[in-house]
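Step one of this worksheet: look at the structure below.
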Amino acid sequence: MEEIWKDVIGYEGKYQVSNQGQVRSLRYRNTDKVKVRRSSTTNKGYGLIILSKDNRSRSFRVHRLVYEAFNGVTELLVLHKDGNPQNNNIDNLYAGTQKQNIADSIKHGTHSSLSYKGENHPRATITWEQVNEIRRQSRSGRSISSIAKMLGIKHNTVWRVVNNRNWKERGTA
């Protein structure tokens, strides 16, 4: 496929994106030099690029810039057909709703409820072993405060385990 370049909306004459998901600066460091830019990556794998205009910098997700340059601005989400956030080829992008995004992420196995359970959750502060100990201690009559002190865990964390607000998917010990 031939690489086609279009101006980034709002940054015409300064930056362009290609149908293959590349971003380039047309006046790199205020020269006439054209340079393909490297994007950084978000914690969820999306390409992120910083564009500057009028001495102000702003970060954008690359897939949205590519989609909007070739299809126009949309209020909808910009989704990846193959579920790969690094594949910013225009043929892989489409506009959709939040409901479609959730359905896609479940289909591709990337939905947070599928991958971020228990100890695998990025904000998990306890382990399954501690969860089971909290439940054992609670059933034996210990107070939430004393369990929290004993295990060196926040009171609210213990409360959420005891009251089944978190850590539901495994059977209790």
Residue that is nearest to the chain's Cα centre (by Cα), among those in the stretch 119-158 that are under 30 Å from Lys44 (Cβ atoms) and of a type in the set (Ser, Thr, Tyr): Thr125
Residue count, the stretch 130-173 (criterion: part of a loop (DSSP other than H, G, I, E, B) and modelled with pLDDT of 90 or more): 8
Test result for Gly21, in a loop (DSSP other than H, G, I, E, B), touching a helix residue (DSSP H, G or I) at 6+ places or on another chain (Cβ under 6 Å) and modelled with pLDDT of 90 or more: yes
All positions within the stretch 73-87 that are under 17 Å from Thr110 (Cα atoms) and of a type outside the set (D, E, K, R): Leu77, Val78, Leu79, His80, Gly83, Asn84, Pro85, Gln86, Asn87
Within the stretch 70-111, tally of residues that are without any contact (Cβ under 8 Å) to a residue 40 or more places away in the chain and of a type in the set (Phe, Trp, Tyr): 1
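The values are calculated or read from the model by the stated rules, or taken from the named source; none is laboratory data. These numbers were taken from a predicted model, which means no experiment stands behind them. Cβ atoms come from the backbone with ideal geometry, glycine included; neighbour counts cover every protein chain shown.
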